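Visitor: The structure's right below; bear with me while I get my questions together.
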Amino acid sequence: MKTLRSISLAAAALLPLALCATAQVTGKPDKPPKEEGGGGGYGGPGDTAPNGPSGSGTGDDTGPKGPAPAGPQPTGPQPTPYADGVNPFGTRGGPAGADQPGSGNDTPAPITPASRPRLESPNSWKLWWHYNRWAFLDDVPSLANSGGGGFYIGRGEKAQVSPLLRASRAQMQDIVQPALLQALATGGRPELEIYALQALAKLRSVVPDPELGGFADIVHRFLKSGNQEVAEKAILSLGVRGEVRFVPWLVSILEDSPEGRSLIGRQRVGLRFRAFAAYGLGLIGERTSSAETRVAIYDALVQALWLDRVEVQAACLTALGLTPMPIADEYVGQGELFAGKTRVDQVLELISFFDDAEQSYVARSQAPSALARLLVDAPDSLRGRAIYTLLVASGQHSKELREVQNAAVMALGSLGRSGGDPIDDQVLAHLERIAYKSSADRSTRFLAMTALAEVASRRGMGDEPFGAVEPTRKLFTQNLARSRGETQAWTALGLGILERNAPDRGELPAPSSGQALRKVFEKTRSSEVAGAIAIALGMLRDLESEQMLRERMIDSGEEFVRGYTALALGMIGSPASVTDLQRVLKESTMKPFVIENAAIALALLGDQGIGSWLFEILDGSSSPKIQASVASAVGWIKDPRPVAELCSRLLDPRKNETGRAWTAVAIGRICDEDPWPWNSRVSAGSQYDVWLPTLVEPQLQNGLLDLP
């Protein structure tokens with residue numbers, strides 16, 4: 001890659017900018033004094049210590065609040081986020097039910113289609129892909145197009161698909177809503193209540209039946225549930241619903257006010273409840289166009305950011321990233337409404353928190369992704385201020401822990417551009433050094449590869465807006481040929497990311513990239529590498545690889561390889577693969593990972609012909625594992641024709657409750673106006689490799705990103 005400026009030169013160039021951007025942010029509460037322990041509230045890693053059952057939801061949340069000093073990384077088993085003896089899933093005041101999932105012991109929850117891959121290596125690209133995949137699938141499908149116009153698939157061809165069927169307003173009004181309300185009234189296992197409530201929350205355009213009760217009436221009962229998981233997911237469902245009227249509810253829960261305690265029927269609002277309230281506010285803030293609502297959300301989140309515990313602080317940062325305040329010229333005529341609360345104030349608030357070394361690294365690790373979301377359409381001067389902060393945090397002499405450096409690297413991937421500006425040149429050089437020329441942690445180096453690809457493929461300034469594409473392509477292809485194992489897999493992924501935006505550059509992916517990927521794919525025996533290359537070829541929409549991908553999908557006995565090759569075929573977009581994908585889906589009812597990816601591939605291809613067949617398998621099976629997998633696939637296909645039968649199955653007491661719970665998931669997906677899950681907007685670019693149980697809980701699978 002071309003020689004770029006050093007960090008010292010970039011720092012000097014940005015010094016005037018940094019000086020002019022350090023305006024005091026108004027309204028910041030006084031920060032509590034630094035404590036010697038107890039800041040985390042959940043016994044988290046290194047910088048926290050257990051100090052009481054703050055997350056139990058039983059009202060005992062009396063430990064000290066505020067930031068805790070940073071400490072060494074944990075090396076032993078992670079502590080539970082709940083107090084000793086407290087079962088987060090059991091009825092309050094009673095014994096834990098033996099049949100309830102994740103009932104407070106060390107037994108992992110069963111693998112479901114929503115589970116993240118369970119892998120031997122923590123540095124596998126598969127974890128990154130699991131949380132970021134929706135951002136790379138969003139521009140591929142024709143899901144958002146109810147017509148039959150087709151979409152780009154590689155060499156300029158168009159795939160002609162039948163018009164997509166949609167659940168009608170009448171179906172949702174007359175069939176789905178009554179069935180979900182009846183299922184919630186009858187009750188059952190926690191997951192059945194949670195998934196049915198989530199499905200009901202997605203019926204945003206359906207007018208509630210006054211005789212059956214509106215969403216507010218229904219959710220109010222579940223907010224008071226004696227089962228903690230049901231209650232906290234009921235709080236989250238207010239955000240999924242997205243209605244402005246629920247903002248005061250969520251604010252009162254976040255603030256642990258008397259109104260909030262009354263809403264949830266507890267003497268105090270526990271840590272996890274407050275965190276989910278913050279996430280809910282962010283989901284509403286993302287959807288609303290009301291200026292007053294955004295200001296109310298912003299005020300509540302900033303107040304909690306500086307005064308609450310680590311888990312809540314992290315949730316507030318994520319929520320602030322979802323709730324962009326207006327840029328200066330957008331609020332003309334709003335009077336004093338946005339005084340001190342513009343996008344500039346918001347970004348500087350987050351930078352101030354990130355730069356505060358007294359704050360927990362666990363919470364601080366969520367700030368970079370929030371900054372990246374807020375700076376998408378912000379002025380270049382503000383973008384440069386944030387980039388400088390992230391360059392320092394992930395630089396050669398940084399004292400930051402790995403989690404914070406990784407978060408900074410991922411955010412740089414979202415903010416940098418393909419050259420022409422000194423700060424962008426610096427980002428490119430910085431990421432290249434980390435990826436291939438440093439002794440940084442392996443996870444940091446791997447994330448730098450994907451970040452470098454994103455930056456190089458994003459339009460920059462000047463006469464050569466994509467000047468970094470060719471040198472970055474050369475870097476990746478050289479390392480693809482000479483590397484092995486995880487490094488080769490991540491390099492392939494980087495090459496795919498670099499080429500996926502070729503149509504935006506007015507060109508096709510370079511033939512050399514597809515040729516290099518196919519060459520390695522044919523020879524590799526590593527499932528780790530084969531899966532990554534399959535996804536990379538899918539990003540290229542490489543028609544020349546279609547036949548080899550189909551053969552590997554059919555012949556491979558390895559679940560991950562079969563699933564990723566299936567998904568790649570859907571990303572490429574050739575209708576010729578539909579028959580083979582349907583065949584693999586039918587053969588894989590006992591393999592959740594394969595059926596999930598094959599179903600998404602068919603959804604990408606706009607094929608709904610297998611929906612009715614899937615329902616027959618679902619209805620005829622007695623295996624909870626098969627029922628979960630097939631119901632999930634039905635939801636991705638989005639065929640509305642079996643909706644009435646699905647609703648009947650949901651209410652059938654003869655069916656096992658696990659299968660009925662996943663039937664609710666399928667119903668919610670079919671009726672959802674959004675093509676991908678609501679939590680995909682949180683997962684893309686998130687720092688998932690930290691101990692934040694309300695965000696990601698791989699063992700109990702009850703965090704926000706663990707929901708299907």
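Visitor: Looking at Arg373, Arg385, which one is more than 21 Å from the chain's Cα centre (by Cα) and either modelled with pLDDT of 95 or more or farther than 30 Å from Thr444 by Cα (or both)?
Guide: Answer to the selection: Arg385.
Visitor: Within the range 327-359, can you find the residues that are part of a loop (DSSP other than H, G, I, E, B), modelled with pLDDT of 80 or more and among the small types (Gly, Ala, Ser)?
Guide: Listed by number, the residues that qualify are Ala339, Gly340, Ala357.
Visitor: Name the single residue that is surrounded by the most Cβ atoms within 10 Å (Cβ to Cβ) among those in the range 606-641 being under 15 Å from Ala199 (Cβ atoms) and not aliphatic (A, V, I, L, M).
Guide: Gly635
Visitor: Okay, next question. For the list (1) crowded, with 24+ Cβ neighbours inside 10 Å; (2) farther than 25 Å from Asp555 by Cβ; (3) not hydrophobic (A, V, I, L, M, F, W, C), I need the number of the one condition that Asn597 fails.
Guide: (2)
Visitor: If I ask for residues that are closer than 21 Å to Asp421 by Cβ and assigned to a loop (DSSP other than H, G, I, E, B), which ones from the range 457-483 would you list?
Guide: Hits for the range 457-483 are Ser457, Arg458, Arg459, Gly460, Met461, Gly462, Asp463, Glu464, Pro465, Phe466, Gly467, Ala468.
Visitor: Right, another one. Looking at the range 490-527, which of the residues that are among the basic types (Lys, Arg) and within 19 Å of Glu454 (Cβ to Cβ) is modelled with the highest pLDDT?
Guide: Arg500
Visitor: Search the range 568-591 for residues that are closer than 19 Å to Arg518 by Cα and pair each with any residue that is at pLDDT below 95 and of a type in the set (Asp, Glu) when their beta-carbon atoms are under 9 Å apart and the residues are at least 6 apart or on different chains.
Guide: Once the first residue is closer than 19 Å to Arg518 by Cα and sits in the range 568-591, its partners that are at pLDDT below 95 and of a type in the set (Asp, Glu) give Gly573/Glu157; Ser574/Glu157.
Visitor: Working carefully through the options Phe215, Phe273, Phe222, find the one that is of a type in the set (Phe, Trp, Tyr) and within 24 Å of Asp674 (Cα to Cα).
Guide: Checking each option against the conditions leaves just Phe215.
Visitor: Sticking with this one: Looking for something in contact with a Gly (Cβ under 7 Å, 6 or more places away or on another chain), farther than 25 Å from Leu320 by Cβ and modelled with pLDDT of 95 or more - is there at least one such residue anywhere in the range 246-269?
Guide: yes
Visitor: Still on this model: Being in a helix (DSSP H, G or I), of a type outside the set (Gly, Ala, Ser) and in contact with an Asp or Glu (Cβ under 8 Å, 6 or more places away or on another chain) is true for just one of Glu522, Glu454, Glu486. Which residue is that?
Guide: So the residue among Glu522, Glu454, Glu486 that is in a helix (DSSP H, G or I), of a type outside the set (Gly, Ala, Ser) and in contact with an Asp or Glu (Cβ under 8 Å, 6 or more places away or on another chain) is Glu486.
Each row is one residue, and each column tells you yes or no for (1) under 22 Å from Met553 (Cβ atoms); (2) without any contact (Cβ under 8 Å) to a residue 60 or more places away in the chain; (3) out of contact with any helix residue (DSSP H, G or I) (no Cβ under 6 Å at 6 or more places or on another chain).
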position: Ala468; (1), (2), (3): no, no, no
position: Leu475; (1), (2), (3): no, no, yes
position: Ala489; (1), (2), (3): yes, no, no
position: Leu493; (1), (2), (3): yes, no, no
position: Asn501; (1), (2), (3): no, yes, yes
position: Gly506; (1), (2), (3): no, yes, yes
position: Leu517; (1), (2), (3): yes, yes, no
position: Lys523; (1), (2), (3): yes, yes, yes
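Visitor: Something else now. In the range 406-431, which residues are assigned to a loop (DSSP other than H, G, I, E, B), more than 27 Å from the chain's Cα centre (by Cα) and buried (at least 24 other Cβ atoms within 10 Å of the Cβ)?
Guide: Gly419
Visitor: Sort through Leu119, Leu164 and tell me the only one that's buried (at least 19 other Cβ atoms within 10 Å of the Cβ) and either modelled with pLDDT of 50 or more or more than 25 Å from Leu212 (Cα to Cα) (or both).
Guide: Leu164
Visitor: Determine whether Leu646 is surrounded by fewer than 21 Cβ atoms within 10 Å (Cβ to Cβ), of a type outside the set (D, E, K, R) and at pLDDT 95 or above.
Guide: The answer is no for Leu646.
Visitor: Moving to a separate point now. Just to verify a result, which residue in the range 649-658, among those that are part of a helix (DSSP H, G or I) and at pLDDT below 95, is nearest to the chain's Cα centre (by Cα)?
Guide: Thr658
Visitor: Something else about it: Within the range 171-188, take every residue that is assigned to a helix (DSSP H, G or I) and without any contact (Cβ under 8 Å) to a residue 24 or more places away in the chain and give me the one that is nearest to Lys638 (Cα to Cα).
Guide: Asp174
Visitor: Criterion first (surrounded by 20 or more Cβ atoms within 10 Å (Cβ to Cβ), out of contact with any Phe, Trp or Tyr (no Cβ under 9 Å at 6 or more places or on another chain) and among the aliphatic types (A, V, I, L, M)) does Val376 satisfy it?
Guide: So Val376 does not fit the description; no.
Visitor: Given the conditions (1) closer than 24 Å to Leu350 by Cβ; (2) small (Gly, Ala, Ser); (3) over 20 Å from the mean Cα position of the chain (by Cα), which single one is not true for Ala314?
Guide: (3)
Visitor: Filter the range 560-589 for residues that are of a type in the set (D, E, K, R) and more than 20 Å from Ala532 (Cβ to Cβ); which is surrounded by the most Cβ atoms within 10 Å (Cβ to Cβ)?
Guide: Filtering the range 560-589 for residues that are of a type in the set (D, E, K, R) and more than 20 Å from Ala532 (Cβ to Cβ), the one surrounded by the most Cβ atoms within 10 Å (Cβ to Cβ) comes out as Asp580.
Visitor: Restricting attention to the range 476-490, does a residue exist that is among the β-branched types (Val, Ile, Thr), under 29 Å from the mean Cα position of the chain (by Cα) and more than 22 Å from Leu604 (Cα to Cα)?
Guide: There is at least one residue in the range 476-490 that is among the β-branched types (Val, Ile, Thr), under 29 Å from the mean Cα position of the chain (by Cα) and more than 22 Å from Leu604 (Cα to Cα).
Visitor: If you go through the range 189-219, how many residues are touching a residue at least 40 places away in the same chain (Cβ under 8 Å), surrounded by 15 or more Cβ atoms within 10 Å (Cβ to Cβ) and not aliphatic (A, V, I, L, M)?
Guide: Qualifying residue count, the range 189-219: 7.
Visitor: Let me ask you something else. Looking only at the range 432-445, count how many residues are under 12 Å from Gly494 (Cβ atoms) and under 23 Å from the mean Cα position of the chain (by Cα).
Guide: 1
Visitor: Here is a follow-up. Just checking, which of Arg245, Arg241, Arg266 is surrounded by fewer than 20 Cβ atoms within 10 Å (Cβ to Cβ) and basic (Lys, Arg)?
Guide: Only one candidate passes the filter, namely Arg245.
Visitor: Give the residue that is nearest to Gly557 (Cα to Cα), with candidates limited to residues of the range 525-534 that are assigned to a helix (DSSP H, G or I) and of a type outside the set (A, V, I, L, M, F, W, C).
Guide: The residue in question is Ser527.
Visitor: A follow-up question, please. Considering every residue within the range 440-451, establish whether at least one is in contact with a Ser or Thr (Cβ under 6 Å, 6 or more places away or on another chain) and outside any helix (DSSP H, G or I).
Guide: No, every residue in the range 440-451 fails to be in contact with a Ser or Thr (Cβ under 6 Å, 6 or more places away or on another chain) and outside any helix (DSSP H, G or I).
Visitor: For the range 498-508, which residues satisfy the criterion of being crowded, with 24+ Cβ neighbours inside 10 Å and out of contact with any Pro (no Cβ under 8 Å at 6 or more places or on another chain)?
Guide: Residue satisfying the conditions is Leu498 alone.
The values are calculated or read from the model by the stated rules, or taken from the named source; none is laboratory data. Note that the structure is a prediction, hence the values are computed from the model and not measured. Because the Cβ atoms are built from the backbone with ideal geometry, glycine has one as well, and the counts that use them run over all protein chains shown.
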